[in-house]
Amino acid sequence: MTEPDRLSARASLERFLTTDPRDVGCDEALRVLHVYVELKAAGGDPERHWPGVSAHLLACGPCDDDYRGLLAAVLGT
């Protein structure tokens with residue numbers, strides 16, 4: 001195994017070991033993302049209603065990108 005491979009494997013392991021246990025995963029986060037975004041756009045607190053989705057968005061770059069894109073579309077920005 002090369003040094004870059006070792007570093008990548010170590011980073012992956014560290015991310016896994018520090019995953020928030022509330023993280024619901026991609027499937028569940030994406031299932032309710034539209035409702036989460038609508039609540040956020042309306043000034044609500046989706047983090048309080050869906051802490052597992054919030055935890056997931058902090059940990060998953062692709063899902064967070066989807067969230068930010070959908071929120072921007074809803075807000076018209």
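The values are calculated or read from the model by the stated rules, or taken from the named source; none is laboratory data. Because the structure is a prediction, the values reported are computed rather than measured. Cβ placement follows ideal geometry from the backbone for every residue including glycine, while neighbour counts extend to all protein chains displayed. What goes into the accessible areas is simple: the full protein's heavy atoms, side chains included, and nothing from ligands, DNA or RNA. Shrake-Rupley method; radii C 1.70, N 1.55, O 1.52, S 1.80 Å.
A few comments on the model shown:
- Inclusion of G43 among residues that are in a loop (DSSP other than H, G, I, E, B) and open to solvent by less than 70 Å² (accessible area, probe 1.4 Å) is warranted.
- Region 46-63, residues that are open to solvent by 30 Å² or more (accessible area, probe 1.4 Å) and assigned to a helix (DSSP H, G or I): E47, R48, H49, P51, L58, A59, G61, P62
- Sole exception among (1) out of contact with any Pro (no Cβ under 8 Å at 6 or more places or on another chain); (2) surrounded by 10 or more Cβ atoms within 10 Å (Cβ to Cβ); (3) not in a helix (DSSP H, G or I) for R22, by number: (1)
- E38 meets all of the listed conditions (1) out of contact with any Pro (no Cβ under 9 Å at 6 or more places or on another chain); (2) surrounded by 14 or more Cβ atoms within 10 Å (Cβ to Cβ); (3) under 17 Å from L71 (Cβ atoms); (4) of a type in the set (D, E) but one, namely (1).
- Selection status of A11, part of a helix (DSSP H, G or I), surrounded by fewer than 16 Cβ atoms within 10 Å (Cβ to Cβ) and of a type in the set (G, A, S): yes
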